[in-house]
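The values are calculated or read from the model by the stated rules, or taken from the named source; none is laboratory data. Since we're looking at a predicted model, the values are computed, not measured. In this analysis, Cβ positions are derived from the backbone assuming ideal geometry, glycine residues included, and neighbour counts consider all displayed protein chains.
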Amino acid sequence: MRTKLTAQQGVISIEFALAFPAFILMVLLWAEISYLGFVSSVVDMASSAAVRKAKSTDIDLADEATYGAIITDVIGQTDSLWTNIIDPSKFSLSSCYFNDVAGAAINDLAGCNADPSNNPVALFQIGYQYNPIYSVFGNLINLDRELIVILEFERS
């Protein structure tokens, strides 16, 4: 009976040595995916708030020259919640203006106008370069959002 116990000595440490790295990798992956989901939500919130401010601003009366400048200003505000979580300098913005919703819905670049005057529908493409916590899981990930907006002051 004594020989059976000595044959089992050290089995737990071998099992621990094999399972512990897999467990740590799983915990790190869970933390990375959770943080990516959180950053994605914050990017959505920042994009929505910026576009909401831009669509209800009359750029003829505002200090900013374009809707893009308004969106960039709102995202870069230092007193907002998201500046503690995301880096405003990692945002990219492109805008395209259309006469009707159909052109914006199919992303018709032929009908795209650079000037928002008398083009009440805007397609804002907002991107964010997410840098993972752990470089083991990859490099930069682009979080891209497209927002179709009716501009309040461009309707005739």
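Observations on the structure shown:
- Restricting region 89-113 to residues that are more than 24 Å from the chain's Cα centre (by Cα) and either among the small types (G, A, S) or buried (at least 20 other Cβ atoms within 10 Å of the Cβ) (or both), the residue that is nearest to V149 (Cα to Cα): F98
- Count - residues of region 133-156 that are within 21 Å of the chain's Cα centre (by Cα), modelled with pLDDT of 75 or more and farther than 23 Å from S92 by Cβ: 1
- Apart from one condition, S95 fits all of (1) farther than 22 Å from V39 by Cα; (2) assigned to a helix (DSSP H, G or I); (3) at pLDDT 85 or above; the exception is (2).
- Residue satisfying condition, being out of contact with any Pro (no Cβ under 7 Å at 6 or more places or on another chain), assigned to a helix (DSSP H, G or I) and modelled with pLDDT of 90 or more, within set L18, L29, L5: L18
- Criterion applied to T72, T83 was being closer than 27 Å to I133 by Cα, at pLDDT below 85 and assigned to a helix (DSSP H, G or I), and the one residue passing it is T83.
- Members of region 42-98 found to be farther than 19 Å from L140 by Cβ, touching a strand residue (DSSP E or B) at 6+ places or on another chain (Cβ under 7 Å) and of a type outside the set (D, E, K, R), listed by number: V51, Y67, G68, I71, T72, S95, C96, Y97, F98
- In region 111-125, the condition of being part of a helix (DSSP H, G or I), among the small types (G, A, S) and within 20 Å of E152 (Cβ to Cβ) is met by no residue.
- Selected residue (criterion: surrounded by the most Cβ atoms within 10 Å (Cβ to Cβ)) from residues of region 32-50 that are in contact (Cβ under 8 Å) with a residue 40 or more places away in the chain and among the β-branched types (V, I, T): V43
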